[in-house]
Amino acid sequence: MQSMIILALCLVVAVSAQNYGCSVPQGPCMALNGMNICPSNQGCVDNNSVCCNYGDIINKDQPTTAPAPTPAPNCFDKLNPNTGVSGEF
């Protein structure tokens, strides 16, 4: 029973890993008893073919470029009509 749970978990991980890639690949995944594995602190991504540090895993479904910044509206400092200086209360 326990081996069936582990097998199901591996299948879920393998299917979910297909949407992810690696910004800095570390090398190929290693086959061990029919499973693809990587060294510690790495995951097997790109359809279970590449080992990648956890911090370098990227989502292929998400855009990697930042949206264009929205221009800020023009800001003008108001002057105190009595003193002609801004910032006085």
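Within segment 47-89, being closer than 16 Å to Tyr20 by Cβ, surrounded by 11 or more Cβ atoms within 10 Å (Cβ to Cβ) and either at pLDDT below 80 or of a type in the set (S, T, N, Q) (or both) holds for Asn47, Asn48, Ser49, Asn53. Pairs are defined by a Cβ separation below 9 Å, a sequence spacing of at least 6 or placement on different chains, a first member in segment 34-54 that is without any contact (Cβ under 8 Å) to a residue 12 or more places away in the chain, and a second member that is crowded, with 19+ Cβ neighbours inside 10 Å and in a loop (DSSP other than H, G, I, E, B); the pairs so defined are Ile37/Cys29. Restricting segment 33-46 to residues that are part of a loop (DSSP other than H, G, I, E, B) and on the phi < 0 side of the Ramachandran plot leaves a set whose member that is surrounded by the fewest Cβ atoms within 10 Å (Cβ to Cβ) is Ser40.
Applying the criterion of being at pLDDT below 80 and surrounded by 14 or more Cβ atoms within 10 Å (Cβ to Cβ) to the residues of segment 14-27, the residue that is farthest from Ile57 (Cα to Cα) is Ala14.
The values are calculated or read from the model by the stated rules, or taken from the named source; none is laboratory data. It should be emphasised that the depicted structure is a prediction, and the values quoted were computed from it without experimental measurement. Methodologically, a virtual Cβ is constructed for each residue, glycine included, from the backbone with ideal geometry; neighbour enumeration extends over all protein chains shown.
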